[in-house]
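Single-structure report; data block below.
Each value in this text was obtained by applying a stated rule to the coordinates, not by laboratory testing. Keep in mind that what you see is a predicted model, and the values were worked out from it rather than measured. All Cβ positions, glycine included, derive from the backbone under ideal geometry; neighbour counts span all protein chains shown.
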Amino acid sequence: MYVSQLMLATLRDTPSDAEIISHQLLIRGGYIRRVGAGIYAYLPLMWRVLKKINAIVKEEIDATGALETLLPQLQPAELWKKSGRWQGYTDGEGIMFHLIDRQGKELGLGPTHEEVITSLVGEIVNSYRQLPLTLYQIQSKFRDEIRPRFGLMRGREFIMKDAYSFHSDEASLQKGYASMGVAYRKIFNRCGLEALVVDADSGAIGGSASQEFMIASETGEDLILTSPDNKYSANQEKAVSVPTQEVPLAVEETSIIRTPGQSTIDKLCAENGFAPSQIVKSLVMLAKTDDGHSQPLLLCLRGDHELNEVKLVNAITSETGKTVQEITIISPKQLAEQGLSPFPFGYIGPDIDDVVLKGAKSWNNNFLRIFDSSVCSLKKFICGANQNDKHLIGATWETVGGIPIKTDIRKAKSGERCLHDPTQMLQERRGIEVGHIFQLGQKYSEALGACFTNERGLQEPLWMGCYGIGISRLAQAAIEQHHDEAGMIWPIAIAPFEAIVVIANMKDEQQKELGKKFYNQLKEAGVDALLDDRDERAGVKFKDADLIGIPWRVVVGRDSSEGKVELFQRSSRKTEKLVTEEAINTLISEITQTKPID
RNA sequence: CGGGGCGUGGCGCAGUUUGGUAGCGCGGGUGCUUUGGGAGCACUAGGUCGCAGGUUCGAAUCCUGUCGCCCCGACCA
């Protein structure tokens, strides 16, 4: 490919709406253009990168025995109603774009494909003899993100590889899940990326075991906790730890103290010399469930801990059997709307009476009380006295009415001890989620009636796994991980071109001729080469080559009269002057070395 | 959804406070010079200032509405 034919559109200025470096470089390098919020066009350079990633993904996923398909993006609502996800995905914070067609039928634009694939396989597969079976596809997905950002990182339309496996029993599912995990490691490896595997919450997709593949990056939206021995790593949403020891409260009697204006943990501690770990923090929140009910929550945590909303949602689900759509803090305004008297915010205790909810217009009339495990082990503590400007000091769980539901709803954080080895402390890093694998179990097959006949001749819902890779996100994450001041530095396996031949001065016939000859030889050797034949100054061409991140650059310039060219490696910035033949041989062997052996 | 900010040639921005009929840099085109790290000079094209109303002799500028986009937050009372 000649650069003059490439529609290369590099920008000198950094676009004002791009926040992170990878996003800026993608736009400056002419890889993508924004079409709308969270909607991007992949320009020719980008499409080449995506195709290279796709090829690697296909090879590795094919190698697991999976079959490639292409499923519809436009999906009837009734499928989603069957699985029970329509409401959650379209109401409130729902993420699915949806519409009504001219017949008045509801349709959704696929954010994921469990429903379609499950009902499809359920229709086609009848017997355990046809299992296991894995199908996958690479295509655009649509998600109406609350807030699209960072270019391709969180777009509303993005490219994803999704695979679904079907099994006749759990053991087979676990085997399939494991082999997909191995394939994922190979994929990220081959793409030249350092990926971390972490335990994860399965979130809206559901299911049991689940792991995420993270590209370590400061700009990542996820917080990861790892142990120094690397035996434990988890997304903070899921992470567990041994809480730090609390400061014991040396108080004999239970008493009420006046604490005006001390409605926060910080103020309370500052005024009275308390330690945050001696305080029981009581939060009142509201959970909207998929059956349309609003359930008030009373949550207790140690003063030095933070609520993990993901764990909370899971706790509510396992306690009530209902799916939580949304959790919000209860505001004075909401209380007024419910016709309730104001709560003593900032002074609420674990034993606040359900009476305060009596007469609520649309809420349940009792609190669902969930206490974090670590708060429950406090012998004596300080908590709100359920009256404005008053706290209870020296309280015990007996004096505040005992412990209702006790579970883990706390965020683990760095510096806390690991469960598997208490001598190790958790460390924090940020990551970009590029892959996620789940053992779904029978959740979807049950809901959609996708059954097979098992060895005993009985009908049984299919055992399922699902496995995603964000292709377009992965491409951008690669830049986040590989760049310098001058621009991108693509890992060679996913670079749009492997080498660029720069003719320094197009007016010099000798350079021009040698450059083209060199380029043609590279092409013949199977190298993905680019020839910069533009009538630009050499400096411009160097800047562009650096910016768009081509791994190897060959400069045919002033030394061409002696039959010499310059070989430049983008990643190491090393330059070598070589005679033409030697340069070609060196380059070809460097490039073919890094290609996988088929 | 809450808070903040921004919409002015293709891109990045100034001008808005104090209304007077639009400017700078980059980019584009032409010509000459230059030719190894985003060249120089000259000429040139390109904008009904997001959109719709209103105020005014006169609106990019003031008022009202509306649309779009960006950033922060949406968890500790």
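Diffusion of region A:204-271 by Stokes-Einstein, at 37 °C in a medium of 0.692 mPa s and with Rh set to the Kirkwood radius over alpha-carbon pairs, works out to 193 µm²/s. If the Kirkwood radius is taken over C-alpha pairs of region A:217-328, then at 37 °C and 0.692 mPa s the Stokes-Einstein diffusion coefficient equals 191 µm²/s. Against chain A, whose longest principal axis is taken from its Cα atoms, helix A:538-548 shows a tilt of about 40°. Calculated from the alpha-carbon coordinates, chain A shows an Rg and a Dmax of 29.4, 97 Å respectively. Here's how it looks for A:LYS238: its modeled amide H is under 5 Å from those of A:ASP201, which are all 5 or more places away or on a different chain. Over all other residues within a Cβ to Cβ distance under 12 Å of A:LYS281, the charged ones net out to -2, with Lys and Arg as +1 and Asp and Glu as -1.
Distance between the C-alpha centres of region A:429-474 and region A:241-307: 39 Å, rounded to the whole angstrom.
Between the helical axis of A:509-524 and the dominant principal axis of chain A, each derived from Cα atoms, what acute angle in degrees is found, rounded to the nearest 10? On a 0 to 90 degree scale, this one is about 60.
The distance separating the Cα centre of region A:43-69 from that of region A:332-380 comes to 52 Å. Couplings 3J(HN,Hα) for region A:477-482, derived from phi with the Karplus relation 6.51 cos²θ - 1.76 cosθ + 1.60 (θ = phi - 60°), are 4, 4, 6, 4, 7, 10 Hz, where x marks Gly and Pro. Fully extending the segment from A:MET7 to A:GLU513, taken as 0.36 nm per residue of separation minus the present Cα-Cα distance, adds 179.8 nm.
Under 17 Å of direct C-alpha separation, and excluding same-chain neighbours fewer than eight residues apart, A:LYS358 reaches these aspartates and glutamates: A:GLU337.
Taking the Cα centre of region A:497-594 as origin, sum charge times position over the Cβ atoms of Lys and Arg (+1) and Asp and Glu (-1), and report the length of that vector in debye to the nearest 20. Could you put the intermediate results ahead of the total?
Details: 16 positive and 19 negative charges, 57 e Å.
Dipole about the Cα centre, nearest 20: 280 debye.
Straight-line cross-link partners of A:LYS58 among the aspartates and glutamates, defined as a Cα under 12 Å from its Cα and at least 8 positions apart when in the same chain: A:GLU68, A:ASP162. With an 8 Å Cα cut-off and a minimum separation of 6 or more residues, compute the relative contact order for chain A in percent. Result for chain A is 17 percent.
Across all Cα pairs in region A:255-407, the calculated P(r) in 5 Å bins from zero up to the longest distance comes to 2, 9, 19, 22, 20, 16, 8, 3, 0, 0 percent per bin.
For the residue pairs A:LYS81/A:LYS105; A:LYS238/A:LYS267; A:LYS105/A:LYS443, the C-alpha atoms sit more than 22 angstrom apart in A:LYS238/A:LYS267; A:LYS105/A:LYS443.
For A:LYS516, go through the lysines and keep the ones whose alpha-carbon is under 28 Å away, minus same-chain ones fewer than eight residues off. Within reach: A:LYS51, A:LYS52, A:LYS507, A:LYS541, A:LYS543, A:LYS564, A:LYS574, A:LYS577, A:LYS595. Note on region A:497-594: the alpha carbon radius of gyration divided by the globular reference 2.2 N^0.38 Å gives 0.95.
For region A:10-84, the square roots a ≥ b ≥ c of the C-alpha gyration tensor eigenvalues yield an a/c of 1.5 or more together with a/b not exceeding b/c, which makes the shape oblate.
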